[in-house]
Ligand code: PEP
């Protein structure tokens with residue numbers, strides 16, 4: 001809304017193979033895609049190079065994580081410089097699976113955001129509360145704390161997108177209602193206005209994630225502060241294009 005370019009991200013998580021990627025890329029390449037929408041596909045790092053070769057040129061690609069320094073003795077990690085080197089422009093950081101399964105703390109996520117931006121990547125930074133936090137009435141407190149840890153490390157807001165992903169809605173088939181999403185998105189925008197600036201609050205895309213699919217994306221997309229989606233399971237299917245096209 002309000003002049004912000006709609007962005008639809010796919011997060012494949014730890015899924016896919018060369019064969020399935022080639023098949024999806026073929027389907028998407030043949031589909032009619034709204035070119036007003038920015039599309040970013042988060043693939044497993046191992047396949048980023050291949051995905052870049054296969055996908056339509058208008059689809060940007062993203063890694064799903066990156067470390068906080070450029071190189072060195074960090075077995076198993078990948079750096080933003082490597083991600084750029086294979087043709088990806090984005091990285092998803094702070095995803096709830098990184099936070100909760102791999103125990104990444106707010107401060108580490110902040111440092112990763114800082115280094116990714118310094119390295120020239122664009123960042124989809126994820127925030128969101130657990131079910132027990134929502135039920136305790138702590139949603140905004142949790143999201144504000146996560147925003148604070150990210151914002152302290154942001155040098156260039158034009159290269160940051162915030163993804164609000166309530167953890168109870170990720171991969172569960174339980175979507176936040178358009179009203180629930182709008183409420184938190186509006187609060188995140190208000191947080192940016194108070195803690196960063198009015199211009200950044202007005203320009204920053206805040207996208208929603210959590211069981212988005214073709215059947216629920218249109219209603220969510222109509223909300224004033226919903227500027228796109230981050231899509232997990234439904235981004236592994238040919239009809240992900242229907243989500244990209246949901247504002248048409
Ligand atoms: C995600 O992984 O960011 C996500 C929102 O997953 P899903 O769409 O499958 O709930």
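Check off (1) more than 27 Å from residue 206 (Cβ to Cβ); (2) assigned to a loop (DSSP other than H, G, I, E, B); (3) in contact with a strand residue (DSSP E or B) (Cβ under 9 Å, 6 or more places away or on another chain) for residue 71 and give me the number that stays unchecked.
Every listed condition holds for residue 71 apart from (3).
I'd like the residue in segment 155-187 that is away from the ligand (no atom under 16 Å from the Cβ) and over 22 Å from residue 89 (Cβ atoms) and, out of all such residues, is surrounded by the fewest Cβ atoms within 10 Å (Cβ to Cβ). Steps first, please.
As a first pass, look at segment 155-187 and keep what is away from the ligand (no atom under 16 Å from the Cβ): 155-160, 179, 182-183, 186-187.
Those left that are additionally over 22 Å from residue 89 (Cβ atoms): 179, 182-183, 186-187.
Working: 179: 9, 182: 18, 183: 16, 186: 15, 187: 18.
If we take residues in segment 155-187 being away from the ligand (no atom under 16 Å from the Cβ) and over 22 Å from residue 89 (Cβ atoms), then 179 is surrounded by the fewest Cβ atoms within 10 Å (Cβ to Cβ).
Provide a single number: the residues in segment 219-235 that are under 15 Å from the mean Cα position of the chain (by Cα) and within 15 Å of the ligand (Cβ to nearest atom). Steps first, answer last, please.
Pass one, segment 219-235, residues under 15 Å from the mean Cα position of the chain (by Cα): 226-235.
Of the ones still in play, those that are also within 15 Å of the ligand (Cβ to nearest atom) are 226, 228-235.
Matching residues across segment 219-235 total 9.
Are any residues in segment 1-39 in a strand (DSSP E or B) and over 15 Å from residue 237 (Cα atoms), and if so, which ones? Please lay out each step first, then the result.
So the first thing to find is which residues in segment 1-39 are in a strand (DSSP E or B), and the list is 7-11, 38-39.
Answer for segment 1-39, where residues must be in a strand (DSSP E or B) and over 15 Å from residue 237 (Cα atoms): 7, 38.
Could you check segment 84-137 and list, in sequence order, the residues that are closer than 25 Å to residue 53 by Cα and within 16 Å of the ligand (Cβ to nearest atom)?
As a first pass, look at segment 84-137 and keep what is closer than 25 Å to residue 53 by Cα: 84-93, 116-117, 119-124.
Answer for segment 84-137, where residues must be closer than 25 Å to residue 53 by Cα and within 16 Å of the ligand (Cβ to nearest atom): 90, 91, 92, 93, 123, 124.
Check residue 171 against each of (1) at negative phi; (2) in contact with a helix residue (DSSP H, G or I) (Cβ under 8 Å, 6 or more places away or on another chain) and name the one condition it does not meet.
Among (1) at negative phi; (2) in contact with a helix residue (DSSP H, G or I) (Cβ under 8 Å, 6 or more places away or on another chain), the lone unmet condition for residue 171 is (1).
Checking residue 14 against (1) within 16 Å of the ligand (Cβ to nearest atom); (2) surrounded by 15 or more Cβ atoms within 10 Å (Cβ to Cβ); (3) farther than 30 Å from residue 186 by Cβ, which single condition isn't satisfied?
All conditions pass for residue 14, except number (2).
Where residues in segment 102-121 are outside any helix (DSSP H, G or I) and free of Cβ contacts under 8 Å to residues at least 40 places away in the same chain, which of them is surrounded by the fewest Cβ atoms within 10 Å (Cβ to Cβ)? Talk me through it step by step, then tell me what you get.
To start, the set of residues in segment 102-121 that are outside any helix (DSSP H, G or I) comprises 102-105, 119-121.
Among the residues that remain, those that are also free of Cβ contacts under 8 Å to residues at least 40 places away in the same chain are: 102-105.
On the way: 102: 10, 103: 8, 104: 18, 105: 10.
Top of the filtered list is 103.
Which condition does residue 71 not pass, out of (1) within 30 Å of residue 108 (Cβ to Cβ); (2) at pLDDT below 95, if it passes all the others?
Status for residue 71: all satisfied but (2).
Among the candidates 25, 31, single out the residue that is more than 16 Å from the ligand (Cβ to nearest atom) and in contact (Cβ under 8 Å) with a residue 40 or more places away in the chain.
On the way: 25 fails: in contact (Cβ under 8 Å) with a residue 40 or more places away in the chain.
Sole residue among the options that is more than 16 Å from the ligand (Cβ to nearest atom) and in contact (Cβ under 8 Å) with a residue 40 or more places away in the chain: 31.
The values are calculated or read from the model by the stated rules, or taken from the named source; none is laboratory data. Computed from a predicted model, the values in this text were never measured in an experiment. In this analysis, Cβ positions are derived from the backbone assuming ideal geometry, glycine residues included, and neighbour counts consider all displayed protein chains.
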